[in-house]
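Heads up, the thing below is written out as structure tokens.
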Amino acid sequence: MSAKSLTISSRALLQLVNRAAKYGSRHGRSTVERRPPVRAYYETAKASSASIDPVWTVDLRSDTVTKPGPAMRQAMAEAQVGDDVFGEDPTVNELQRRATDIFGMEAALFVPSGTMSNLIAVMVHCRERGDEMIVGDLSHLHIYEQGGSAQLAGVHSTTVTTLPDGTFDLEQLESKIRHGYPDAHYPRSRLVCVENTHNIQGGRVLPLSFLRELRSMADRYGLAVHMDGARVMNAAVAQGVPPSVILQHCHTVSVCLSKGLGAPVGTILAGPKDFIQRAVRARKALGGGMRQSGILAAAGTLALTKMVGRLEEDHRNAKAFAQALLECDPPLYQVDTAAVETNIVRFSLRDPLLTPAEFCRRMAEVEEGEVRALGRGVRVLMFPHVGGSVRAVWHLDVTEEDTQLAIQKLHFVAQQHVEEHHRAQ
Ligand SMILES: Cc1ncc(COP(=O)(O)O)c(C=O)c1O
């Protein structure tokens, strides 16, 4: 579908309104009473853009913004619950059992967030005060988790340089491993953390060959490997393998249910049985022992079992958007389309006069000129990102049609920017 064919003129909009009115009366309801159509398909709560809002929002800030739809809410409402701190919540137990199977791990634990899950993993792997972990310098764990591993777990970090594909150089890693322990000068190297897909690097998928070599080096030095797999299901879909094929190279993994998979809350931490037994204790110490959390786990089970198949759609939409960035005339945008492997697109602006923050502001605002030119206003929400880039993320609530509307807006903003530039000359 071309961006042009999606342009909705005021007349078309009026026709839509009339059609909606007819539908309402035919079904014995007024248009006002009629609820916006839901995408029952993937159980999302978002209405279709064919509803009559004069301003439509396409939210590409993060895959954490999804809202549970009717089927997920129903599963939550009907969940059997018990006290999970006593191990008595059947819905939590069922989610943990399924996660164990899907990830090919011995045991799994439902925790409130990805941040807590990573912190618990660090606490359990690095048990002696001052133990050291090795992390990528652009990893979520290192950049965005408030230094919780130092602040709360007493764990020291050393970094390796995150490469553009989310991996790091294994020789550099080897050079960072401490060999002096128990000499009193040195901490003890215990853990290596990887992130898959890599958030800051734009949803990059770690190659299986990298993970294999990393694991073999870790085994040589007696280190544990933890994967921050907040989006590992995206990686599995992109690589066309079951997640267990990726996770065989890790001792433990943290998988978020509340990102692309669409659950409102929750992360699974998985690993060996004795690791999870210790993780249960750490979770309680951090205040993450929840009680009748089956209400949340019911959504998590739906996310894990029903939402993985559709991640492909997010990847396809992200790629279409990246291609449109590249082909935009006037050529305002710069993107490496080969680096768009999953649901995240990182791009930059060729004109330094237009900052990422100003660009995001323009994408998010609707002015009269846009409504006149395009027949409708579209707010496209994105965030300025690391290194002067902009990040856009696809998820459950962004359809192919939304993607085309966002592309249309990209063109409009580029055109507008060039016209302003000419006027200023
Ligand atoms: C790669 C990665 N790890 C961990 C997290 C933390 O997850 P949460 O927001 O559930 O704490 C995020 C959040 O965006 C993430 O992108």
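The values are calculated or read from the model by the stated rules, or taken from the named source; none is laboratory data. Worth saying up front: this structure is predicted, and the values here are computed from it rather than measured. No Cβ is skipped: glycine too gets one built from the backbone with ideal geometry, and neighbour counts run over all protein chains shown.
Scanning the range 68-91 for residues that are part of a loop (DSSP other than H, G, I, E, B) and either among the small types (Gly, Ala, Ser) or not assigned by TED's automatic domain parsing to the domain that holds MET290 (or both) returns GLY69, ALA79, GLY82, GLY87.
Scanning the range 101-141 for residues that are within 16 Å of the ligand (Cβ to nearest atom), touching a Lys or Arg at 6+ places or on another chain (Cβ under 8 Å) and β-branched (Val, Ile, Thr) returns VAL111, ILE120. Scanning the range 175-196 for residues that are assigned to a strand (DSSP E or B) and either away from the ligand (no atom under 16 Å from the Cβ) or of a type outside the set (D, E, K, R) (or both) turns up SER189, ARG190, LEU191, VAL192, CYS193, VAL194. Exactly one residue out of ALA99, ALA153 is crowded, with 21+ Cβ neighbours inside 10 Å, over 19 Å from ASP219 (Cα atoms) and over 21 Å from the mean Cα position of the chain (by Cα), and it is ALA153. The residue list THR115, THR91, THR159, THR57 contains one member that is surrounded by fewer than 22 Cβ atoms within 10 Å (Cβ to Cβ) and farther than 30 Å from ASP402 by Cβ, which is THR159.
Among the candidates VAL380, VAL413, single out the residue that is at pLDDT 95 or above, touching a helix residue (DSSP H, G or I) at 6+ places or on another chain (Cβ under 8 Å), farther than 23 Å from LEU206 by Cα and in a strand (DSSP E or B).
Details: VAL413 fails: in a strand (DSSP E or B).
Unique residue meeting the criteria: VAL380.
Out of all the residues in the range 197-210, which are of a type in the set (A, V, I, L, M, F, W, C) and more than 16 Å from the ligand (Cβ to nearest atom)? LEU208, PHE210 - these are the residues of the range 197-210 that are of a type in the set (A, V, I, L, M, F, W, C) and more than 16 Å from the ligand (Cβ to nearest atom). On the stretch given as the range 313-323, residues that are buried (at least 20 other Cβ atoms within 10 Å of the Cβ) and either aliphatic (A, V, I, L, M) or modelled with pLDDT under 95 (or both) total 2.
For the residues ALA303, ALA299, ALA339, the requirement of being under 19 Å from PRO70 (Cα atoms) and in contact with a Gly (Cβ under 7 Å, 6 or more places away or on another chain) singles out ALA303. Scanning the range 142-152 turns up at least one residue that is within 15 Å of the ligand (Cβ to nearest atom) and either among the aromatic types (Phe, Trp, Tyr) or farther than 24 Å from GLY287 by Cβ (or both).
With respect to (1) modelled with pLDDT under 95; (2) closer than 17 Å to VAL225 by Cβ; (3) acidic (Asp, Glu), the lone exception for GLU128 is condition (2).
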